[in-house]
1. Add +1 for every Lys or Arg and -1 for every Asp or Glu among the other residues with Cβ under 12 Å from the Cβ of Ile75, and state the total.
2. Please list, in chain and number order, the residues 5+ apart from Arg229 or on another chain whose amide H is under 5 Å from its amide H, with Hs placed from the backbone.
3. Normalised by the number of residues in the chain, what is the relative contact order in percent for Cα pairs under 8 Å and 6+ residues apart?
4. Sticking with the crude label model, points 7 Å out along Cα→Cβ, report the distance from Glu127 to Asn78 in nm, one decimal please.
5. Can you give me the distance in nm between label points at Lys234 and His91, each placed 7 Å from the Cα along the Cα-to-Cβ direction?
6. Measuring with a 1.4 Å probe in the full set of protein chains, what accessible area per residue, in whole Å², belongs to the range 94-235?
7. Checking the cross-link filter: which lysines have an alpha carbon closer than 30 Å to that of Lys57, excluding same-chain neighbours under 8 positions apart?
8. How far is helix 143-155 tilted off the main Cα axis of the chain, in degrees rounded to 10, range 0 to 90?
Amino acid sequence: MPAEIEVYQVSYSFGPKIALDNVTFRLDSPFFCVVMGPNGAGKTTMLKLMLGLLKPKEGYIRIFGHDVVKETSIIRKNVGYVPQVVNIDYHVPVTVEEVVAMGALSKDIPPRILTKSIKKKVEEVLEIVGLEDSSSLFTELSGGQRQRALIARALISEPKLLLLDEPYSMLDFDMKCEIAELLYRLHKEKGIDVFLVAHELSPCIHLEPTVILLNKRVYAVGKAGEVLRLENLKRAYPGLTEVPAGFILGEDHA
């Protein structure tokens, strides 16, 4: 049986700058996976390669048995993506309904029309993520509400896999935990596999995710207790500092 995600000897560089170097891992469904590593570790590059937005210089990536370069359209039908940065003009009054509907309309051939069936789907996914008022302006939402709306946008196409880029970014700790719980509930109740990249593991560590420790290459894969060992962290985080109470990884890691 093919793995749901198979990454084999993948390398990528931006000119002379190496972003990923001989990365290999595989994930079999069901999985709730967190990729962690320092700034510049290649986490976002990994997601873009998995979506077919970038092409590996070496190696290959298969999702659900399909090559992400040769069969990009099939991949995007089955994968929902929540980016860290959203290209929404904050000077334009866009409603939550319109933002979420983009997840369905973007896959339609123009002219793209907000039909009754799409509106119904919007209401359904907003209920799943815990947002009620679809007429609210996206710009008026709190950070946590915006993240829920973007997750709803990814859910509207009924994906088998969710890819998320820093879903905890710019949220307070309680809200990070709420988003982690939401993603885990989608995984358990809806059968959606989750693959997210994050600077920190603490909001979801109690959920016992699979952890991939990445800094241009993979240093460890497994449960947190197996991966987050000092010898692994020293290799992945060059700025790690040991202190009597534990260690500091640098940036916002401790």
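The values are calculated or read from the model by the stated rules, or taken from the named source; none is laboratory data. Small disclaimer: the values here were computed from a predicted structure and weren't measured. Counting neighbours? That spans all protein chains shown, and the Cβs are built from the backbone with ideal geometry, glycine included. Side chains are part of the model used for accessible areas, which takes the heavy atoms of the whole protein and leaves out ligands, DNA and RNA. Shrake-Rupley method; radii C 1.70, N 1.55, O 1.52, S 1.80 Å.
1. Local net charge: +2.
2. Here nothing satisfies the definition.
3. Values: 451 pairs, mean separation 60.8, N = 254.
With pairs under 8 Å counted, the relative contact order is 24 percent.
4. It is 2.9 nm.
5. With each label point 7 Å from Cα toward Cβ, the separation is 5.3 nm.
6. Accessible surface, normalised per residue, equals 48 Å².
7. Leaving aside lysines fewer than 8 places away in the same chain, those within reach of Lys57 are Lys17, Lys43, Lys48, Lys70, Lys77, Lys107, Lys160, Lys216, Lys223, Lys234.
8. Helix 143-155 sits roughly 80 degrees off the main axis of the chain.
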